[in-house]
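**Q** Below you will find the structure I want to go over with you.
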Amino acid sequence: MKKVLQYCFILLLFSCQREYSLENGQRAKGSLQSDISKDCLPKTIAGNYTQGISLNDSNFISVTVNVKQTGLFTISTDTVNGYYFNASGKFAAIGIIQVTLNGKGKPAAIGSDNFKVSFDTSTCNFQISTLAQNPTAAYTLHGSPNTCMNFTMHGILAKNIPSTDSNYVSIELDVSSPGVYSIKTNTVNGYYFSGTGKVTATGIQKVNLKATGTPIQSGNDLFTVNAITTNCSFTDTVVTAVAVTNPDHFPLTANSYWNYDNLMSTGDTLNRKIVDSAIVNGRFYKIVNETPLNGSLTQFLFNKVDTNYYEYCSADQYTTSLKFAPEIKANILFLKENLSTDSSWVSDEYIGPATINQQAIFLQYKFTCKDANATVTLNGKTFAHVYIIELKPQVRSAVTYPYSSTGEIKTIYYAKGVGIIYSKTIVNAYIFQERQIRNWQVN
């Protein structure tokens, strides 16, 4: 038993000595190649170095080593500005060898970072520029110091009406170096314009400055755009919106009326008037008479339940693509209060035989609020708090098929306190009908 233990001890000792030998093997010797100023030569610096961005596999440097003795090596830099480079391995041959050092860490600040590379008893140096995540653009305002060249106003600003995302001005920058920008005007009449962003190319570039605030008075306002050491000016016009007292986007008060111009036929007009009320299927409706200048009278039935507006009519009334036979009556939800931009809803599904071939057709309508707070000028009058609603009829021939468009798009503008002020129907890319408000009275 004693001999066996001694034998095991000898084996264990041999094993430990072998492991110790591998861990402490011959170290490589040699020197880093550099020029007279100790700059590493030749060298490669790869990747982008950006403040606050961690280095990855694309961030490395290559240095050249004159290996004079093979063996294990470690080549590393000092840590500068939060990051460093290193490499380790084994040189199997002597001579000139290029070694890649991988980057680790995260640059903490912008500027020039000076690194010292160490191997054996030699050192060399290299420099890396750390850039800001978003360098500041260099530019002048096109037109500076006079009127901003080719400026364009978007949207309509009205007295006492807060600005929205549709209110902005487009101006031009003459960019000499891409990067981020921050531009702001002075405050005039209770509002101002500002914008931040990034330009990625040189030359003339358009940028948008959004309006913020509520105009106090109507009239022309002169703004000065200030950016770095350059400035230019532009003028914006504030209008007075139509005063209203009714809170609804589709008023249904007795004896109210609306007159519309038919934009498809010069001089042709259309009159709508609330003339009476009626009860249909237990529901209370207002009767609206519609009379074209040269046409026969048509009656419509509308009602409001809570914040929803309905029309009782033929289910196919909002499309020209089909007619149900026999007629299908429906109570169609065509408008809501308290809408937000891009909100939408779908009508009930209506199913019946079409007059063309008596094939059963499925019909529904999709409504989308394209803008829940537009300001619109028509016939010299400005309307605030306008809903822009897009209506699209959709059909299918079987319940297993998806709905498809009929090619019709109807756009209707509903002004708060006024009602419909504009409508346009497009069928297969052609304007089928277009009307705008001429005058009205909401009681």
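The values are calculated or read from the model by the stated rules, or taken from the named source; none is laboratory data. Everything numeric in this text was worked out from a predicted model, so none of it was measured. Don't worry about glycine lacking a Cβ; one is built from the backbone with ideal geometry, like all the others, and counts go over all protein chains shown.
**Q** Do you know which residues across the range 383-401 are touching a residue at least 24 places away in the same chain (Cβ under 8 Å), farther than 24 Å from Leu157 by Cα and either polar (S, T, N, Q) or assigned to a strand (DSSP E or B) (or both)?
**A** Leu391, Lys392, Pro393, Gln394, Val395, Arg396, Ser397, listed by residue number.
**Q** Follow-up. Taking the condition among the β-branched types (Val, Ile, Thr), within 21 Å of Thr425 (Cβ to Cβ) and surrounded by 13 or more Cβ atoms within 10 Å (Cβ to Cβ), does Thr214 pass? Give the derivation first.
**A** Working: among the β-branched types (Val, Ile, Thr): yes; within 21 Å of Thr425 (Cβ to Cβ): no; surrounded by 13 or more Cβ atoms within 10 Å (Cβ to Cβ): yes.
Spelling it out, it is not the case that Thr214 is among the β-branched types (Val, Ile, Thr), within 21 Å of Thr425 (Cβ to Cβ) and surrounded by 13 or more Cβ atoms within 10 Å (Cβ to Cβ).
**Q** Going by the conditions given, is Lys370 modelled with pLDDT of 95 or more, surrounded by fewer than 19 Cβ atoms within 10 Å (Cβ to Cβ) and under 18 Å from Ile156 (Cα atoms)? Give the derivation first.
**A** Working: modelled with pLDDT of 95 or more: yes; surrounded by fewer than 19 Cβ atoms within 10 Å (Cβ to Cβ): yes; under 18 Å from Ile156 (Cα atoms): yes.
Yes.
**Q** Also, quick follow-up: Considering only the range 131-147, I want to know if a residue exists there that is touching a Gly at 6+ places or on another chain (Cβ under 8 Å), of a type in the set (Ser, Thr, Tyr) and within 30 Å of Thr240 (Cα to Cα).
**A** Narrowing the range 131-147 to residues touching a Gly at 6+ places or on another chain (Cβ under 8 Å): 133-138.
Then drop every residue that is not of a type in the set (Ser, Thr, Tyr), which leaves 136.
Okay, now just the ones that are also within 30 Å of Thr240 (Cα to Cα), so none.
No; the residues of the range 131-147 include none that is touching a Gly at 6+ places or on another chain (Cβ under 8 Å), of a type in the set (Ser, Thr, Tyr) and within 30 Å of Thr240 (Cα to Cα).
Condition check ((1) in contact with a strand residue (DSSP E or B) (Cβ under 9 Å, 6 or more places away or on another chain); (2) of a type outside the set (D, E, K, R)) across all residues:
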| site | (1), (2) |
| --- | --- |
| Tyr257 | yes, yes |
| Asp261 | yes, no |
| Ser265 | no, yes |
| Val275 | yes, yes |
| Asn281 | yes, yes |
| Lys286 | yes, no |
| Pro292 | yes, yes |
| Phe302 | yes, yes |
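**Q** To continue, here is another question. Is at least one residue of the range 134-141 surrounded by 16 or more Cβ atoms within 10 Å (Cβ to Cβ), over 21 Å from the mean Cα position of the chain (by Cα) and either farther than 17 Å from Gly197 by Cβ or among the hydroxyl-bearing types (Ser, Thr, Tyr) (or both)?
**A** Yes, there is a match, as at least one residue in the range 134-141 is surrounded by 16 or more Cβ atoms within 10 Å (Cβ to Cβ), over 21 Å from the mean Cα position of the chain (by Cα) and either farther than 17 Å from Gly197 by Cβ or among the hydroxyl-bearing types (Ser, Thr, Tyr) (or both).
**Q** Could you tell me whether any residue of the range 189-208 is on the phi > 0 side of the Ramachandran plot, in contact with a strand residue (DSSP E or B) (Cβ under 6 Å, 6 or more places away or on another chain) and not small (Gly, Ala, Ser)?
**A** yes
**Q** Here's a follow-up. Would you mind stating whether Ala354 is surrounded by 16 or more Cβ atoms within 10 Å (Cβ to Cβ) and at pLDDT below 95? It would help to see each step written out before you state the result.
**A** Working: surrounded by 16 or more Cβ atoms within 10 Å (Cβ to Cβ): yes; at pLDDT below 95: yes.
Taking the combined requirement at face value, the residue satisfies it.
**Q** Check off (1) closer than 27 Å to Asn373 by Cα; (2) part of a strand (DSSP E or B); (3) not polar (S, T, N, Q) for Ile161 and give me the number that stays unchecked.
**A** Looking at each condition in turn, Ile161 falls short on (2).
**Q** Still on this model: Of everything in the range 186-201, what is at pLDDT 95 or above and hydroxyl-bearing (Ser, Thr, Tyr)? Give them in sequence order.
**A** Thr187, Tyr191, Tyr192, Ser194 - these are the residues of the range 186-201 that are at pLDDT 95 or above and hydroxyl-bearing (Ser, Thr, Tyr).
**Q** From Ser54, Ser34, Ser62, which residue is small (Gly, Ala, Ser), buried (at least 17 other Cβ atoms within 10 Å of the Cβ) and assigned by TED's automatic domain parsing to the domain that holds Asp120?
**A** Values: Ser54 fails: buried (at least 17 other Cβ atoms within 10 Å of the Cβ); Ser62 fails: buried (at least 17 other Cβ atoms within 10 Å of the Cβ).
So the residue among Ser54, Ser34, Ser62 that is small (Gly, Ala, Ser), buried (at least 17 other Cβ atoms within 10 Å of the Cβ) and assigned by TED's automatic domain parsing to the domain that holds Asp120 is Ser34.
**Q** Let me ask something else about it. As an exercise: evaluate Gly380 against (1) surrounded by 15 or more Cβ atoms within 10 Å (Cβ to Cβ); (2) free of Cβ contacts under 8 Å to residues at least 40 places away in the same chain; (3) closer than 23 Å to Trp258 by Cα and give the number of the one condition it does not meet.
**A** The number of the failed condition is (1).
**Q** Answer yes or no as to whether Ser340 is modelled with pLDDT of 95 or more and under 29 Å from the mean Cα position of the chain (by Cα).
**A** Working: modelled with pLDDT of 95 or more: yes; under 29 Å from the mean Cα position of the chain (by Cα): yes.
Here the answer is yes, as Ser340 does meet what is asked.
**Q** Within the range 156-182, restricting attention to residues that are modelled with pLDDT under 95 and under 20 Å from the mean Cα position of the chain (by Cα), which residue is farthest from Ala384 (Cα to Cα)?
**A** Per the criteria, the residue is Gly179.
**Q** So which residues in the range 416-435 are over 31 Å from the mean Cα position of the chain (by Cα) and closer than 18 Å to Val376 by Cβ, if there are any at all? Write out each step before concluding.
**A** To start, the set of residues in the range 416-435 that are over 31 Å from the mean Cα position of the chain (by Cα) comprises 417-418, 432-433, 435.
Gly417, Val418, Arg435, listed by residue number.
**Q** Within the range 121-131, is there a residue that is touching a residue at least 40 places away in the same chain (Cβ under 8 Å), closer than 30 Å to Gly25 by Cβ and under 46 Å from the mean Cα position of the chain (by Cα)?
**A** Yes, the conditions are met somewhere in the range 121-131.
For every residue, the table says whether it meets (1) over 30 Å from Cys148 (Cα atoms); (2) crowded, with 18+ Cβ neighbours inside 10 Å; (3) touching a helix residue (DSSP H, G or I) at 6+ places or on another chain (Cβ under 9 Å).
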| site | (1), (2), (3) |
| --- | --- |
| Cys232 | no, yes, no |
| Val238 | no, yes, no |
| Ser256 | yes, yes, no |
| Met264 | yes, no, no |
| Val288 | yes, yes, no |
| Gly295 | yes, no, no |
| Phe300 | yes, no, no |
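**Q** For the range 20-85, which strands (runs of 3 or more DSSP E) that fit wholly inside it have 3 or more residues that are under 49 Å from the mean Cα position of the chain (by Cα)? Working first, answer last.
**A** On the way: elements: 29-32, 44-46, 60-69, 71-77.
Ranges flagged: 44-46, 60-69, 71-77.
**Q** Residue under question is Tyr192, and the condition is that it be aromatic (Phe, Trp, Tyr), under 27 Å from Thr377 (Cα atoms) and either in a strand (DSSP E or B) or in the same structural domain as Phe151 (by TED's automatic domain parsing) (or both); does it hold?
**A** Working: aromatic (Phe, Trp, Tyr): yes; under 27 Å from Thr377 (Cα atoms): yes; either in a strand (DSSP E or B) or in the same structural domain as Phe151 (by TED's automatic domain parsing) (or both): yes.
It is true that Tyr192 is aromatic (Phe, Trp, Tyr), under 27 Å from Thr377 (Cα atoms) and either in a strand (DSSP E or B) or in the same structural domain as Phe151 (by TED's automatic domain parsing) (or both).
**Q** Take the range 395-409 and flag every residue that is of a type outside the set (A, V, I, L, M, F, W, C) and within 15 Å of Val346 (Cβ to Cβ). Working first, answer last.
**A** So the first thing to find is which residues in the range 395-409 are of a type outside the set (A, V, I, L, M, F, W, C), and the list is 396-397, 400-408.
The answer is Arg396, Pro402, Tyr403, Ser404, Ser405, Thr406.
**Q** A follow-up question, please. Which condition from (1) farther than 30 Å from Ala243 by Cβ; (2) crowded, with 18+ Cβ neighbours inside 10 Å; (3) in contact with a Lys or Arg (Cβ under 6 Å, 6 or more places away or on another chain); (4) of a type in the set (A, V, I, L, M, F, W, C) is the one that Val346 breaks?
**A** (2)
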